[in-house]
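Novice: One structure follows; several queries about it will come next.
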Amino acid sequence: MNFVKWGATALATAMIGAALVGGAAAETFRLSHNTGDTTTWHRGAEKFNELLREATDGEMDIRIFPNAQLSGGDQMRQAEMVGRGALDFVVTSAINVTPLASEMAVFSLPYLYGSYEDVDATTDGAPGERMKEIMEGHNIIVLAWGENGFREVTNNTRPIRSPEDMRGLNMRVAGPMYIDVMNALGANPQQMQWTETFTALQQGVVDGQENPIGAVIIPQRVYEVQKYLTAWHYSYDPIFLGVSKQLWDSWDEDTQAKVREAGVEAMSYQKQITRDDTAAGIEYLREQGMEVYEPTDEELQAFREATQPAFDSWADQVGTDLVSLFQEAIDGRD
Ligand code: X2X
């Protein structure tokens, strides 16, 4: 009996010892994201953990939970949970935050961006800062912007070369703005969690979906259940690494600087691997048996015109001043 007691005390002491590194208690934080563990989102989160451990001599580390496990499978609830301090960190894309901060839809307005240079002019400039302020108003500190990417359309029914080809297709979408865009194209949109989409595509519950090539379509093997892809670049989706403001405010300046630096570097790595994997992606998808169509400039123009009504109504919802701030950064980049 005594021996058992002594054993328990020794064990408890040893455990406290393990938690003490460099004089401070080691702490593990929880990070939620809503894609699988093969995506560039996940790899970015892993890089963040690696860099944060290095910077703090192991005093701070991150446990990563993919597939929106911590929000009961609801990809749109993660941001709200971080805002009230129920989650520590989140990696998610702008569109998932729109129920909390509708302004975040600005990034994904159809055909707002024509290139990565346009994107970088906004995320690295005044618009990116403005969006960080808006998110801080919801108690989320955005440490850095990463990339989901330009969203491309896939389906199992036919090649998409014109807006008319979208008519009548049952399309899985992630959020409210894409419902309006799909309606403008004459498709039948259905909002669905990403984690449920692969099975829905496989079983023919929906005909198609839209997602970025490098970040999601390839690592989540969408090509196994979809035949046609059109690289129409119709909407850009950034991701961000965010932390609960409550947690952020509990840290001293030195800790905040370490967390921010690790976050910025991790997201810059994540953006680079996403662009690399996207660049190599079309060829890879063809090798996997997909029929990939790359529209001409005229064909892209037809998609742009067809989605204009959704652009206009969402520009009003997010605020035309905010849209102008983005457009000025894009127009002024050279
Ligand atoms: O749900 C999606 O389509 C995804 C993974 O791209 C987002 O989180 C918006």
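Novice: Can you give the charge dipole size of the chain about its Cα centre, rounded to the nearest 20 debye, using +1 on the beta carbon of Lys and Arg and -1 on the beta carbon of Asp and Glu?
Specialist: 1300 debye
Novice: Just going by the charge dipole of the chain, with Lys and Arg at +1 and Asp and Glu at -1 on Cβ, which of I239, Y111, A329 is farthest out on the positive end?
Specialist: So the residue furthest toward the plus end is I239.
Novice: Quantify, in whole percent, the carbon and sulfur part of the accessible surface of the range 13-331 (1.4 Å probe; protein heavy atoms only).
Specialist: Using a 1.4 Å probe with all protein chains present, the range 13-331 comes out at 44 percent carbon and sulfur.
Novice: To the nearest 10 degrees, how steep is helix 297-318 against the longest Cα principal axis of the chain, on a 0 to 90 scale?
Specialist: Orientation of helix 297-318: about 60 degrees from the principal axis.
Novice: What number comes out for accessible area per residue over the chain if the probe is 1.4 Å? Units Å², please.
Specialist: 43 Å²
Novice: Enumerate by residue number the trypsin sites (Lys or Arg not before Pro) in the range 177-278 meeting two conditions: DSSP loop (anything except H, G, I, E, B), and at most 16 other Cβ atoms within 10 Å of the site's Cβ.
Specialist: Of the trypsin sites (Lys or Arg not before Pro), the ones in loops of the range 177-278 whose Cβ has at most 16 other Cβ atoms within 10 Å are R221, K227.
Novice: Under 13 Å from a point 7 Å along the Cα-to-Cβ line of Q190: which residues of the range 197-229 have their amide N that close?
Specialist: Of the residues in the range 197-229, 197-209 have backbone N under 13 Å from the label point off Q190.
Novice: Which distance in nm do the two modelled labels at R53 and Q301 give, with both placed 7 Å along the Cα-to-Cβ direction?
Specialist: Rounded to a tenth, the inter-label distance reads 5.4 nm.
Novice: Roughly how many nanometres apart are two label points built 7 Å out from the Cα toward the Cβ at D124 and S102?
Specialist: Label-label distance for D124 and S102, simple model: 3.3 nm.
Novice: Next question, about the same structure. Any chance you could get the radius of gyration and Dmax over the Cα atoms of the range 13-331, in Å?
Specialist: Radius of gyration, then largest Cα-Cα span, for the range 13-331: 19.9, 71 Å.
Novice: Percent relative contact order of the chain, based on C-alpha pairs within less than 8 angstrom and at least six residues apart?
Specialist: Computed over the chain, the figure is 25 percent.
Novice: If I take all pairs of Cα atoms in the range 25-113, what percentage of them are more than 16 Å from each other?
Specialist: Pairs farther apart than 16 Å: 57 percent.
Novice: Roughly how tilted is helix 320-331, in degrees to the nearest 10 and between 0 and 90, from the longest Cα axis of the chain?
Specialist: 80 degrees
Novice: Name all residues of the range 80-107 having a backbone nitrogen under 18 Å from the label point set 7 Å from the Cα of E133 along its Cα→Cβ direction, giving them as ranges.
Specialist: Residues 101-107 fall inside that zone.
The values are calculated or read from the model by the stated rules, or taken from the named source; none is laboratory data. What you are looking at is a predicted structure, and each value in this text was computed from that prediction instead of being measured. Here Cβ is always computed from backbone atoms with ideal geometry, including for glycine, and neighbour counts include all displayed protein chains. Just the protein is used for accessible areas: all its heavy atoms, side chains included, with ligands, DNA and RNA removed. Shrake-Rupley method; radii C 1.70, N 1.55, O 1.52, S 1.80 Å.
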